[in-house]
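What follows is one structure encoded as structure tokens, with my remarks underneath.
What follows is calculated from the coordinates using simple rules that are stated; it is not laboratory data. It should be emphasised that the depicted structure is a prediction, and the values quoted were computed from it without experimental measurement. Quick reminder, even Gly has a Cβ in these numbers, built from the backbone with ideal geometry, and neighbours come from all protein chains shown.
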Amino acid sequence: MEREWHGHWWLPRDAEARVPGRLVVSADGSVRLELTGGLALSEIGDDSTADLILGYAEETDITLLRCFVMTSRPGLIRVEKHYQRLHANRALIGTHVGPADAVFESVRAQFEHLTTWLAAPTVEHTQRLGDNKYQATVEDAPPKKVAFDGWTATVRTLVQPFEVTNSRRRDIVTSEVATYLYLQPSEPTMSTGFDELLLAVMDLLTLASGEASGLIDSVMTHEERRTFSDRDGSTYQLPVTVESLGRRTHTASPDEPAVPDHRFRFTCRDLPFEELLPRWVSLRQRTSAACNVFFGLSYARPVYTETRLLLTAIAAEELHKSLVPNLKSGKTNFKYRMLALAELAAPEAVGVIIDDVESWATRITRARHGLAHSGNDTRDDDIFHLESMTVGLISLVLMSELGLPADVQVRAAKWPLLHPFAH
């Protein structure tokens, strides 16, 4: 759903030169500012840019970061001065702040599949108590907290009481369970300071659920406090909250059906949250090159199988390089790395997705070299299946490195969702 704010906008160096305009944030998170008139932006080549634009719209302070407008390009007419359209990397709704200002104390985030992954016992499904009598129960789950690497991560599951909605047709009884992740650094950080950890959590949920799991929203807490008056004349303070909006790596669809819990590769029933999250953050940092490619395939799937296969092979090679960095001379060729990678997961799980590891390693090596050198020569009859096996192996290796036991890996290997591109 598109959102918009109408107000006035200006550059920090020239706060008196304010122009009216409309800020629009699309459903995919892309941010654009449409101005009546224009701002005197810095010229770089054919682009006009601004690191920071401030605004006041709908009685709210707004900060726009890394803005640009295309003023002239070959074959296009230059935009007239009375109208200017800018694109921004990020909109911060609720504050005026500079890009490098370390003023944010924490962030509260929602992710797709977070509630199911936590396996919190909050909902007891409907029970029949007798003739024409039924009962359902919801309860608050205790928060979970873990500290690691200068961060404190807390998950809270909030439950709304049952409500009855009466209509002329029927009565509807509903409740709601929502889970939030709170991340707090040891010291206040910049608005971009949460990005790496939020992406790591997003990747973890994607690995666990077998489907791209996006960031739904994030609200940061500013170190500033605002004072309010109570009815009795006393005052109280509340923290300033700032919504962070911008184009996501993957656009979340929070109202779509979730992956059922029994289809997850793993949940916090298999390994506690307090162990899984720190282990994953460490593993994600060590294997960043491989994970960037691997999870990128989930978030933005290339059209051609050949492209996916080549990128999957690259991710597999980078994963082994990260996990086994020091190899003897002569042990660094691609096929050796693939054979060695297969040894990093539980053998019984690998056997579920790859019948013959030696044959698979030969085929993926031949396909990788053919695609890298000629672009389309794989010399393999079923490259989709080859891609699927390789994706499955990478998933199992990541699970193994997390410390998930062999039986969990085998269970995951038996589900089609081990392949994140399967439908």
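Structure notes:
- The aspartates and glutamates within cross-link reach of Lys335, meaning a Cα-to-Cα straight distance under 20 Å and a gap of 8 or more places when in the same chain, are Glu306, Glu317, Glu318, Glu343, Asp355, Asp356, Glu358, Asp377, Asp380, Asp381, Asp382, Glu387.
- Judged by the mean number of other Cβ atoms found within 10 Å, the most tightly packed of the peptides 97-105, 390-398 leads the ranking 390-398, 97-105.
- Least to most buried among Glu224, Glu187 (fewest other Cβ within 10 Å first): Glu187, Glu224
- Taking the fewest neighbouring Cβ atoms within 10 Å as the starting point, the ordered list for Asp51, Asp230, Asp131, Asp270 is Asp131, Asp230, Asp51, Asp270.
- Under 23 Å from the Cα of Lys331 - lysines, other chains or at least 8 residues apart: Lys321
- Test item: Cα-centred dipole of the chain, Lys/Arg +1 and Asp/Glu -1 on Cβ, debye: 640 debye
- Most positive-pole-ward Cα, Leu319, Val281, Ile364, against dipole of the chain from beta carbon charges: Ile364
- The peptide list 306-313, 259-266, put in order of mean Cβ contacts within 10 Å with the highest first, becomes 306-313, 259-266.
- Judged by the mean number of other Cβ atoms found within 10 Å, the most tightly packed of the peptides 164-172, 341-349 leads the ranking 341-349, 164-172.
- Span-rule helices in the chain, defined as complete DSSP H runs reaching 30 Å or more along the axis (Cα) with Kyte mean at least 0.5: none
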